[in-house]
Amino acid sequence: MMSKDKKVLVGLSYSLEIGGAERMMLTILNYSATQNFEVHLILFKDSGELRKELSSDIKLHKLDRLSVSKGMPKCLKIVKQISPDVVFSGIGHLNLALAPFLPIMKLLLPQTKWIARETNIVSIENSLSKYPKLFDFLYRYTYQNYNTIVAQSEDMREDILNNYFKTNKVVLINNPIDVEKVESLAKGESLHSFDKNKINLLSVSRLREQKKHHFMLETLTYLPTQYHLTIIGSGEKESFLKELTIKLNLQERVTFLGHQPNPYIYMKRADLFLLTSQREGFPNVLLEANLLGLPIVAFASLGGITEIVEEGVNGLLAPYHDCKALAKKIQKASSIEFNREKIIKRTIQRYSKENIMQKYKNIFNK
């Protein structure tokens, strides 16, 4: 039995599949378990490769529900039984499903603080959803039920304040990076080696619509043949991207490596990191690339990218959707002698887990 003098923290997540939001939830809860918190995790679906990384000090509650709506009554019942000091939900659709119940839960648990970590640029995410007006309504009139809303980036914070409601509840906390873990994994050996006669561009992400990998392929058609693109990741757009590679006659210039459990060994050896997303929450993959001294070339899309990339210091930016401009920036970046040690030092100073986790600890204890 855990000590009664510990604050009780309950985390909510749909699953522990590999994804940025899930990984952040895991990082925050694992850290909190070392910081005098009694930590619980309620999972709607007990699945995902990240499950094995969950600290043994965290008490797991499995709902075994395939949908958030079906699992919510049981979830709230467990929260009521635990009677925590803090409930922390860190995935957008789950946050929104929980928000309408908070007035009732606050009456039942008056001492509990409810915190949501937003994962998207809400107005863009809602506009692409099946029911944009409904979701906008719910954000506008129920999201303020939370005591605190964590925005990962300034873009995300401004989007909430400008498009949904004015409040002092929204706090900015960037994502952290686990410096020791990334540096340790980067020392491993890769099965695939880059051609040293090429300028090696690298992409690491799930192959899904939001990431717009097809812009990378189009950009490659504007670059000389010594530029080679390696894509790490799997997802629903994989077949489409492989077919497009053939259609654009880029088979010799693009390598698909699929999902790699340790992408850091490739980041350590590439020349430039490429990101063409339409939007992001706060892309940890850019922090990881920079931590290994890898400069970035990306579209200046919403979601923290322009906060992370300092022009000419740790990378270069091009306007979204402009593949010709991106190709020029890639050529320019490959001719710049980036100070890789400076990039690494800057990343650790701004985004180390110790610095960022202290901010979470502060809002949990507040």
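Where a number appears in this text, it was derived from the coordinates with a stated rule and is not lab data. The model shown is predicted, which means the values in this text are computed figures rather than measured ones. Here the Cβ positions follow ideal geometry from the backbone for every residue, glycine too, while neighbour counts run over all protein chains shown.
Which aspartates and glutamates, on any chain, are close to Lys212 with Cα under 18 Å apart, when same-chain ones fewer than 8 places away are left out?
Cross-link targets: Glu125, Glu236, Glu238, Glu243, Glu280, Asp322.
Using a cut-off of 13 Å between alpha-carbon atoms, which aspartates and glutamates can reach Lys166, once sequence neighbours fewer than 8 places away in the same chain are excluded?
Glu158
Show which aspartates and glutamates lie in cross-link reach of Lys130 when reach means a straight Cα distance below 17 angstrom and same-chain residues fewer than eight apart are skipped.
Here the aspartates and glutamates satisfying the reach criterion relative to Lys130 are Glu209.
Could you compute Rg(Cα) / (2.2 N^0.38 Å) for region 7-173, with N its residue count? Display every interim value, and only then the final one.
Details: Rg = 15.2 Å, N = 167, 2.2 N^0.38 = 15.4 Å.
It is 0.99.
Using only Cα atoms and rounding to the nearest 10 degrees, what angle (0 to 90) does helix 68-82 make with the longest principal axis of the chain?
Rounded to the nearest ten degrees, it is 50.
Dipole size in debye (nearest 20) for the chain around its Cα centre, Lys and Arg Cβ +1, Asp and Glu Cβ -1?
For the chain, the charge dipole is close to 800 debye.
Quick one: putting +1 on the C-beta of Lys and Arg, -1 on the C-beta of Asp and Glu, what dipole do you get for region 7-173 around its Cα centre, in Debye to the nearest 20?
660
Counting pairwise Cα distances across the chain, what percent come out greater than 35 angstrom?
Within the chain, distances greater than 35 Å cover 27 percent of Cα pairs.
Taking amide hydrogens as modeled 1.01 Å from N in the peptide plane, which residues meet the under 5 Å criterion relative to Thr255, leaving out close sequence neighbours?
Close amide H contacts, sequence-distant or interchain: Leu229, Thr230, Ile231.
For Asn249 and Glu310 in the same chain, what is the full-extension length gain: residue separation times 0.36 nm, less their Cα-Cα distance, in nm?
Here the answer is 18.6 nm.
Could you sort out which of Lys80/Lys359; Lys7/Lys59; Lys52/Lys359; Lys52/Lys187; Lys59/Lys169 sit more than 24 Å apart by Cα distance in this structure?
Beyond 24 Å between Cα atoms: Lys80/Lys359; Lys52/Lys359; Lys59/Lys169.
Which whole number of Å³ per residue matches the convex hull of the alpha-carbon atoms in region 179-350?
Values: hull volume 18.3 nm³, N = 172.
Output value, Cα hull per residue: 106 Å³.
Fewest first, what order do Met105, Met25 take by the number of other Cβ atoms within 10 Å?
Met105, Met25
Tyr320's amide H: which non-local residues (gap 5+, or another chain) put their own amide H closer than 5 Å, with H modeled 1.01 Å from N in plane and none for Pro or chain starts?
Amide H to amide H, under 5 Å and 5 or more residues apart or across chains, Tyr320 pairs with Ala300.
In Å, what is the Rg of the alpha-carbon atoms in region 114-170, and how long is Dmax?
Final numbers for Rg and Dmax: 10.5, 30 Å.
Putting +1 on Lys and Arg Cβ atoms and -1 on Asp and Glu Cβ atoms, find which of Leu250, Ile28, Phe101 reaches farthest to the positive end of the dipole of the chain.
Result: Phe101.
Is it possible to state the helix-based mean residue ellipticity at 222 nm for the chain, with each DSSP H run of 4+ residues giving -39500 (n - 2.57), the sum divided by total residues, to the nearest 500 deg cm²/dmol? What is it?
So the calculated ellipticity at 222 nm is -11500 deg cm²/dmol.
Rounded to whole Hz and in sequence order, give me ³J(HN,Hα) for region 14-20 from the Karplus expression 6.51 cos²θ - 1.76 cosθ + 1.60, θ = phi - 60°, writing x for Gly and Pro.
Residue by residue, region 14-20 yields 5, 8, 10, 5, 5, x, x Hz.
Which stretch or stretches of region 72-99 have amide N atoms under 12 Å from the point lying 7 Å from Phe165's Cα along the Cα→Cβ direction?
Of the residues in region 72-99, 99 have backbone N under 12 Å from the label point off Phe165.
Return the sequence-ordered ³J(HN,Hα) values of region 99-116 in whole Hz as given by the Karplus equation 6.51 cos²θ - 1.76 cosθ + 1.60 applied to θ = phi - 60°, using x for Gly and Pro.
3, x, 8, 5, x, 5, 5, 5, 6, 6, 10, x, 8, 7, 9, 10, 10, 10
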